[in-house]
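Worksheet for the structure shown next.
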């Protein structure tokens with residue numbers, strides 16, 4: 001019997017009929033569940049393609065009319081559907097001698113048709129024949145059987161191709177029949193269809209474990225362009241390497257054979273938007289957790305090719321796959337991505353209608369946002385301002401984090417934000433987030449806290465480093481209760497960044513009025529600030545960090561703010577009152593908080609410097625001056641610091657100033673003794689109380705413009721240090737002390753409300769002067785535009801760093 005193109009092979013009551021040798025749609029795909037869409041089974045997709053008159057994209061390589069070309073034909077495959085080879089040459093007629101070789105295929109005694117199970121080993125032997133025409137026809141018949149097994153309408157309950165010898169024979173064809181492209185394309189087609197079922201994947205991976213040279217022969221044909229052979233080679237390779245159970249060994253072999261060198265050029269050469277997602281994902285599998293492969297991909301210009309795809313392609317699945325791969329390289333080669341305009345290209349995708357594409361784009365942008373760039377990023381910032389209030393929690397979080405990095409140490413970006421109502425949007429977002437956080441728990445609450453952290457960081461960056469920073473500070477602090485609420489919440493990360501923001505704000509003397517008057521219940525900024533300092537001091541010897549925040553940083557920020565705000569006499573009185581409460585003046589061996597901080601050996605030098613400056617300020621208050629004068633431990637520490645003038649000149653200068661004030665106070669309070677003035681001259685004459693800033697402060701830290709933040713030293717002191725060296729007497733210590741009407745707080749405060757209440761200001765007039773009420777705007781939309789016109793002269797640069805660590809416990 002002659003074996004014709006309409007061969008029917010029968011097993012029991014199942015027929016396999018091929019109407020022609022034009023290869024039909026052969027597809028396997030990525031799982032829709034991995035794309036974030038509604039999962040579809042492969043059977044359902046194939047049925048949909050068959051029952052509706054639209055092109056799946058496989059035959060013509062055109063865009064599919066289906067909702068998604070991506071389907072799952074077997075559990076482990078992650079292939080995207082690609083067209084089969086278009087209209088092959090007809091099979092040549094076989095001679096009588098060649099036809100006789102197919103007569104040995106077993107027939108069914110009932111109907112005379114060929115038995116599928118028994119035909120497979122006989123076809124396997126024919127694929128080894130020396131006659132290429134026989135081999136050609138045998139491999140075509142074998143492919144028909146493989147196609148039947150992945151066809152849901154003709155599939156048997158059990159797989160028919162289960163012998164590894166079939167895989168080894170196909171491998172031999174790929175190796176030995178290089179000069180016969182027709183044989184190669186059907187051999188690859190057979191492998192492709194076998195891999196469309198999980199059983200077939202298992203069979204191929206077992207065969208690879210026995211004979212690993214199957215992978216090199218597949219890689220060899222990735223570069224074979226005639227009759228689109230490379231397409232099936234890429235699809236089959238991807239299906240094998242993507243197998244989660246056994247694909248690891250195959251991936252290792254592919255990496256050793258430099259598969260990425262053969263695959264990467266197709267990112268640029270391939271025109272089909274249906275094959276490109278497979279190529280992109282194959283590269284992802286090869287590069288995953290392997291720096292050597294990433295280096296090779298970068299050297300081949302791979303990231304630039306991905307950016308070109310994002311610029312000129314419109315297929316959503318391709319764009320999403322490309323951004324997913326770029327996420328890997330955003331953590332590996334961020335400077336290169338920024339240098340080739342990656343941020344500008346990605347910014348164009350933020351207006352796309354696909355949420356998963358926008359989210360993937362934002363994650364890439366966030367990872368490269370800390371790299372400085374001289375390119376214009378106005379469009380990116382404008383898009384981020386729109387997304388920062390998104391309903392999608394992750395999108396708005398990534399937007400806020402990206403924005404925070406972009407404005408840090410970048411004057412132009414800060415001015416653009418201010419000129420485009422960035423501060424207004426950020427404050428509105430912060431208020432909404434603070435109200436919503438009360439109803440959230442667990443992961444949602446953690447994500448919201450990260451979001452609030454990023455908003456506060458961005459506001460802090462906008463408060464310094466440009467010409468209008470003073471007006472921005474005043475605008476940000478028009479609702480001080482919003483920030484007092486963050487301090488009352490006692491969440492470490494929010495406490496740290498809120499303190500950093502307040503440190504910028506209290507540098508303006510007019511803003512000390514709302515700082516002093518704001519109340520939530522009966523708690524104000526000064527009382528909570530000292531409470532935070534006391535809690536942090538109790539943790540100094542217990543643990544270094546709490547939820548990723550250094551305890552030393554909290555202590556330093558509290559000391560710095562107290563040092564700055566005590567230049568105001570009313571706030572000084574309030575600080576002294578709370579420092580003298582029992583829980584605050586009995587730290588350690590019975591010392592007040594500033595002395596306790598000085599005693600700690602693990603406190604950094606800049607913190608000790610700020611603490612000495614704070615003590616110098618407190619010495620201008622009569623009651624605190626008496627406390628410091630009586631403290632022998634403080635006197636000894638100051639003398640020890642004074643003797644270290646050659647190694648720590650800044651600390652020695654501060655210690656000398658405090659000691660001189662102590663001796664001057666003693667001189668005023670005792671009778672004049674002969675020679676006492678000469679003693680003071682001998683003791684302190686070599687150090688001037690008006691030591692220039694350049695001789696006392698360490699000024700070797702520099703900042704430069706760019707995205708991200710750089711710390712020369714952790715939390716270095718600010719310009720407020722000048723006030724401690726430019727005057728030998730400071731404020732008049734003899735000024736009467738007007739004690740405010742406060743009560744000592746309990747040792748531990750009860751839980752505070754999670755929703756910030758309306759600001760409450762102390763209406764009791766000070767005994768020294770009348771306290772005016774600061775302006776308060778309840779409606780953000782009708783707020784005055786205070787920073788739309790920005791002069792060109794630069795302001796001071798911000799110096800701090802932000803991270804987003806995981807946090808699991810409470811402060």
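Coordinate-derived values only; no laboratory data. Since this is a predicted model, take the numbers as computed values, not measurements. As a convention, Cβ positions derive from the backbone with ideal geometry for all residues, glycine included, and neighbour counts pool all protein chains shown.
By the count of neighbouring beta-carbon atoms within 10 Å, fewest first, 149, 632, 626 end up ordered 632, 626, 149.
The shape of the stretch 171-216 comes out oblate: with a ≥ b ≥ c from the C-alpha gyration tensor, a/c is at least 1.5 while a/b does not beat b/c.
Let a ≥ b ≥ c be the square roots of the eigenvalues of the Cα gyration tensor of the stretch 566-623; is it rounded (a/c under 1.5), or, if not, prolate (a/b larger than b/c) or oblate?
Oblate.
Inter-part distance, the stretch 498-556 to the stretch 256-325, computed on C-alpha centroids, equals 49 Å. Treating each Cα of the stretch 385-441 as an identical point scatterer and summing with the Debye formula, the log10 of I(q)/I(0) at q = 0.18, 0.22, 0.25 Å⁻¹ comes to -0.64, -0.89, -1.07. A simple packing score, the average count of other Cβ atoms within 10 Å per residue, orders the peptides 461-473, 330-342, 606-618 as 606-618, 461-473, 330-342, with the highest score first.
In this calculation the C-beta distance from residue 354 to residue 179 is compared with R0 = 45 Å, giving a FRET efficiency of 0.50. Simple spin-label estimate for residue 647 and residue 622 gives 4.1 nm between the two label positions (7 Å along the Cα-to-Cβ direction from each Cα). Exposure proxy for 545, 205: other Cβ atoms within 10 Å of each Cβ, ordered fewest to most, give 545, 205.
Among 643, 490, the order by Cβ neighbours within 10 angstrom, fewest to most, reads 643, 490. With an a/c value of 1.5 or above and a/b not larger than b/c for the gyration tensor axes a ≥ b ≥ c computed over the alpha-carbon atoms, the stretch 211-312 is described as oblate.
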